[in-house]
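Participant: I'd like to ask some things about the structure below.
Just so you know, all these numbers are worked out from the coordinates, no wet-lab data involved. Note that the structure is a prediction, hence the values are computed from the model and not measured. Positions of Cβ are generated from backbone atoms using ideal geometry, with glycine treated the same way; all protein chains shown enter the neighbour counts.
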Amino acid sequence: MTHTDTIPHSRPLVAELDLEAVVSALESGQISQGPAVDKFEKALAEYIGQNKAAATNSGTAALHLALLALDVKEKDEIIIPSFVCSAVLNAVNHTGATPVIADIELLTYNLSVESVKKTLTQKTKAIIVPHMFGCPAEMNKFLELDIPIIEDCAQAIGATFKGQKVGSLGLLSIFSFYTTKVMACGEGGMVLSDAEDLILKIKDLREYDNKDDYLVRYNYKMTDIQAALGLSQLSSLNKFVARRKEIAALYFEEFKDCDFSLPVWKQGKEHIYYRFVIRIKDDISGYLEKFQQKGIICRRPVYKPLHLYLNLPGFPQTTEAWQKAISIPLYPSLTEEEIDRIIEAVKDIF
Ligand SMILES: Cc1ncc(COP(=O)(O)O)c(C=O)c1O
């Protein structure tokens, strides 16, 4: 039996205030990069706690420009985890540098600092540390390595590490406002940093027009339409995050006797549960279909690990996570009835 009222894996929460913000941006006549982008940059920098910001048209563009701001070039090495979407690998490859893939820790699905230490060389220019599925990475351990850190907050805006917002700790931090993300602008991204020179360089590279010198530059600009939506979504962000934590707390309670590993709770309230990832004892093939038959779309939390794309051996923790982890729908636009259906389906299947 298939349901007509399928519960998607993600769904943005677009409210009346978002509609009004977009309409007023359209009515202003300024629909490309303009004052709303400027305002959104300042508002996000203030919310996170970094001095300067540059908005982009995607998280990938934000990562690419963050790497270029650090002068990353061919022959440099950039460390990234295997258990992350291919956008991160693409951003490194856009610069011509060598991506060096490290394993994760299974408890949090975040980059393993032990694995990173084994891959450090004289050529290591930066480490990209994603806060996976909304769970803050152990930033103190990465900062101790004394290598420039780019915090990838695409999945974790609003999360904190030891009380400080993620995105405020690295030399640079990047965000994504893709439609499935915690704050949705359709597409969009941002780079934040306390280092003004880095942000100025990013702002120079993100657009090509009216320049006296020639450099390979990009068209990575955000529009004022996206920024207007970003500003109104940002005004709801604390509410979105609180609702995510509330639903997660309910799932923890309901699933406490189920025979699978729950997401980590050790960070307590610091995790924002962008994804609610459970890890079962078998391979998950077959289980996604079982959920689909109940009208619920669950997914592998990472479509395919990077070491598999690159045919690299090893990476036991990433392999285990990829084979056994399932992401269950959790987002603020879920209705109470949908939440009940998800809980019932999980209990029924496991
Ligand atoms: C951890 C991480 N970094 C970067 C990105 C890239 O963001 P975007 O899709 O906005 O290019 C994503 C996208 O899903 C992501 O999950």
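Participant: Considering only DSSP beta bridges where both residues belong to the chain, give the percentage that are antiparallel (nearest 5).
Facilitator: Values: 18 of 34 bridges.
Rounded to the nearest five, the antiparallel share is 55 percent.
Participant: Here's something else I'd like to know. Compute the distance in nm between two label points, each set 7 Å from the Cα along the Cα-to-Cβ direction, one at Gln30 and one at Thr319.
Facilitator: Placing both labels 7 Å beyond Cα along the Cβ direction yields 5.5 nm.
Participant: Is it possible to state the helix-based mean residue ellipticity at 222 nm for the chain, with each DSSP H run of 4+ residues giving -39500 (n - 2.57), the sum divided by total residues, to the nearest 500 deg cm²/dmol? What is it? Walk me through the intermediate numbers first.
Facilitator: Details: 12 runs with 135 residues, N = 350.
Taking each H run of at least 4 residues, the total per residue is -12000 deg cm²/dmol.
Participant: Note the full-extension length gain between Lys256 and Lys118 as 0.36 nm times their separation in residues minus their Cα-Cα distance, in nm to one decimal.
Facilitator: Net length gain for the segment: 46.1 nm.
Participant: Continuing with the same structure: Assuming R0 = 22 Å, what is the FRET efficiency of Tyr303 and Trp265, from their Cβ-Cβ distance, to the nearest 0.05?
Facilitator: Working: r = 26 Å, r/R0 = 1.18.
FRET efficiency, Tyr303 to Trp265: 0.25.
Participant: Listed highest first by mean packing, meaning other Cβ atoms within 10 Å per residue, what order do 58-65, 163-170 come in?
Facilitator: Values: 58-65: 27.6, 163-170: 20.9.
Highest mean packing first, the order is 58-65, 163-170.
Participant: Rank by packing, highest mean first: peptides 8-18, 82-92, 182-192, with packing defined as the count of other Cβ atoms within 10 Å averaged across residues.
Facilitator: 182-192, 82-92, 8-18
Participant: Within a Cβ distance under 11 Å of Lys162, other residues only, what is the Lys/Arg minus Asp/Glu net charge?
Facilitator: Counting the neighbours of Lys162, the net charge comes to -1.
Participant: Moving on. Please name whichever of Ala87, Val100, Leu231 sits farthest to the positive end of the charge dipole of region 16-232, dipole taken about the Cα centre and charges placed at Cβ: Lys and Arg +1, Asp and Glu -1.
Facilitator: Value: Val100.
Participant: Sort region 238-349 into rounded, prolate or oblate with this rule: let a ≥ b ≥ c be the square roots of the eigenvalues of the Cα gyration tensor; rounded if a/c is under 1.5, and if a/c is not under 1.5, prolate when a/b is larger than b/c, oblate otherwise.
Facilitator: Numbers: a/c = 1.87, a/b = 1.41, b/c = 1.32.
It is prolate, given that a/c is not under 1.5 and a/b is the larger ratio.
Participant: Give me the distance between the Cα centres of region 279-317 and region 17-62, rounded to whole Å.
Facilitator: Here the answer is 35 Å between Cα centres.
Participant: Given that compact globular proteins tend to follow 2.2 N^0.38 Å, what is the ratio of the alpha-carbon Rg of the chain to that value?
Facilitator: Taking the Cα Rg and dividing by 2.2 N^0.38 Å, one obtains 0.99.
Participant: Is there a quick way to get the dipole size of region 16-232? I mean about its Cα centre, with the Cβ of Lys and Arg at +1 and of Asp and Glu at -1; what is the value in debye to the nearest 20?
Facilitator: Dipole about the Cα centre, nearest 20: 440 debye.
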